[in-house]
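Peer 1: After the structure tokens below, expect a handful of questions from me.
The values are calculated or read from the model by the stated rules, or taken from the named source; none is laboratory data. For clarity, every value in this text was computed on a predicted model and none was experimentally measured. Cβ placement follows ideal geometry from the backbone for every residue including glycine, while neighbour counts extend to all protein chains displayed. When the accessible area is computed, the model is the full protein with side chains, heavy atoms only, and any ligands, DNA or RNA have been set aside. Shrake-Rupley method; radii C 1.70, N 1.55, O 1.52, S 1.80 Å.
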Amino acid sequence: MGLEMEAMAASIGVSVPVLRFLLCFVATIPTGLVWRAVPGATGRHLYAGLTGAALSYLSFGATSNLLFVVPMTLGYLAMLLFRRHAGLITFLGAFGFLIAWRHIVIFVAPIEIVPFSFQNLISLCDAGALMVLTLKVISCAINYSDGILKEEGLRDAQKKYRLTKRPSLIEYFGYCLCCGSHFAGPVYEMKDYLEWTERKGIWASPTPSPLLPTLRALVQAGICMGLYLYLSPQFPLSRFSEPLYYEWGFWHRLFYQYMSGFTARWKYYFIWSISEAAIIISGLGFTGWSESSPPKAKWDRAKNVDVLGVELAGSAVQLPLVWNIQVSTWLRYYVYERLIQKGKKPGFLQLLGTQTVSAIWHGLYPGYIIFFVQSALMINGSRVIYRWQQAASNSVLRSILAFLNFAYTLLVLNYSCIGFQVLSFKETLASYQSVYYVGTIVPIVCILLGNVIKPARKPKAKKAE
């Protein structure tokens, strides 16, 4: 078996550990299919947890499952002993553990930060598994804390996902390690997981066939990986530290930044497409029927990215709705909305706080932190342009402003995401400086102009007497 694995790995030009991971990652799809045939809710909980733990062991080794035990135990103990404050305790404890673990990885056993390849796909998804688990245990604990609050005054998401009863250990085990989303997401709610496993709610009646949407996700994954493998040798990240890059003119450097960001995104599209296929084929991705005639099955819970929505975004405000969709939803429910004081409108501070939590979740690298601060500026600047667009007096001006918002989003997003890729403070600032900080200056100018050029409010319609 070992010789066969070595021969197979050599034939496609990867190491045996990488081949083992890729096989396990793709195996989440047939594993999700088999889940549908497992009898009984308890059997399905055990199957979900055990297959997730087994695939993690085969992919990353025994240490990965030992890592997962820590936030899982912390979250369950908080629910068991401190229900009222379980959400806060788990939030601080799980994020604290994630930060501590990364501190050990970075400073005790440092790894080289290199551009994406099959070789570092393993470390990306090993970290990703712990990141996804962190969000899942936090949301479960927060919803259990919300279960003792009165419904009056709760937001819609709180009412929908609050847990009045603590999940059993078996239910919690299956929820945390369910293999379909264990490696790279998407994040989902405990209440949805329980209804899916117990075949209640929208799963009480037979669900539509998942085969065609699963096939679509697999075709998308193949296209995304093909594009990445084609583009990445032509636009390597290492170019940002080479003298050749600084010999180019301003527009050439700006174009290279765009292509670098464009290229890097296809690796995430590939990973999320495989995860989407696994969630769809298990049935968990099903979210009901559309209101069209005839009605069509929706699989929104499985969807983590809208590729065209990202690449053709008309406004930066749209990006959280189409990129890493389930994590963006989690951040909105459990950070952004909870930072808004009752009776007050959300503003830049709530957005910045949410982006800061996102940066910490991704990792305390300078590039991540800079990227998410940039994101807050980018979104706020885009909101200003959108307000001008909505208040424009004629269709021509509205069209011009709509195009400017599209161009603004394209510019600032791909400029900002260099920090997300290179991670180091020095390289991030050097790449920003090479284009005269245009992607930082433009959003700030838009925000400042928004405080000066305020569109007139449309008069309210008079009430009929």
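Peer 1: Suppose we filter L404, L411 for residues that are of a type outside the set (S, T, Y), within 23 Å of R253 (Cβ to Cβ) and open to solvent by 70 Å² or more (accessible area, probe 1.4 Å); which single one remains?
Peer 2: Result of the check over L404, L411: L404.
Peer 1: Please specify each residue of the range 307-347 satisfying the condition of being buried (at least 17 other Cβ atoms within 10 Å of the Cβ), touching a Leu at 6+ places or on another chain (Cβ under 8 Å) and over 27 Å from A141 (Cα atoms).
Peer 2: V310, A313, A316, L319
Peer 1: How about the range 132-180: which of its residues are more than 24 Å from Y47 (Cβ to Cβ) and under 17 Å from the mean Cα position of the chain (by Cα)?
Peer 2: Scanning the range 132-180 gives a single hit, I138.
Peer 1: Quick one: which helices (runs of 4 or more DSSP H) lie wholly within the range 358-465 and hold at least 3 residues that are within 13 Å of S315 (Cα to Cα)?
Peer 2: The helices (runs of 4 or more DSSP H) meeting that bar are 366-391, 395-422.
Peer 1: Now a separate question. Given the conditions (1) part of a helix (DSSP H, G or I); (2) farther than 20 Å from C224 by Cβ; (3) in contact with a strand residue (DSSP E or B) (Cβ under 8 Å, 6 or more places away or on another chain), and given that F286 satisfies all but one, which numbered condition is not satisfied?
Peer 2: Going through (1) part of a helix (DSSP H, G or I); (2) farther than 20 Å from C224 by Cβ; (3) in contact with a strand residue (DSSP E or B) (Cβ under 8 Å, 6 or more places away or on another chain) one by one, F286 breaks only (1).
Peer 1: Can you give me the number of residues within the range 388-401 that are surrounded by 15 or more Cβ atoms within 10 Å (Cβ to Cβ) and in contact (Cβ under 8 Å) with a residue 24 or more places away in the chain?
Peer 2: So the count comes out to 2.
Peer 1: May I pose another question? Go through the range 216-264 and give me each residue that's polar (S, T, N, Q), loosely packed, with under 15 Cβ neighbours inside 10 Å and part of a helix (DSSP H, G or I).
Peer 2: Those that are polar (S, T, N, Q), loosely packed, with under 15 Cβ neighbours inside 10 Å and part of a helix (DSSP H, G or I): S238, S241.
Peer 1: Condition test on W299, is it buried (at least 20 other Cβ atoms within 10 Å of the Cβ), aromatic (F, W, Y), touching a residue at least 12 places away in the same chain (Cβ under 8 Å) and closer than 30 Å to V38 by Cβ?
Peer 2: It is true that W299 is buried (at least 20 other Cβ atoms within 10 Å of the Cβ), aromatic (F, W, Y), touching a residue at least 12 places away in the same chain (Cβ under 8 Å) and closer than 30 Å to V38 by Cβ.
Peer 1: List the helices (runs of 4 or more DSSP H) inside the range 1-94, counting only whole elements, that have at least 1 residues being modelled with pLDDT of 85 or more and charged (D, E, K, R).
Peer 2: Once the helices (runs of 4 or more DSSP H) in the range 1-94 are filtered for at least 1 residues that are modelled with pLDDT of 85 or more and charged (D, E, K, R), what remains is 41-60.
Peer 1: Further question: Specify which of the listed residues (V357, V445, V422, V435) is open to solvent by less than 50 Å² (accessible area, probe 1.4 Å), over 28 Å from the mean Cα position of the chain (by Cα) and not small (G, A, S).
Peer 2: Answer to the selection: V435.
Peer 1: At pLDDT below 90 and hydroxyl-bearing (S, T, Y): is that true of S393 in this structure?
Peer 2: So S393 passes the test.
Peer 1: Looking for something in contact (Cβ under 8 Å) with a residue 24 or more places away in the chain, on the phi > 0 side of the Ramachandran plot and open to solvent by less than 40 Å² (accessible area, probe 1.4 Å) - is there at least one such residue anywhere in the range 281-289?
Peer 2: yes
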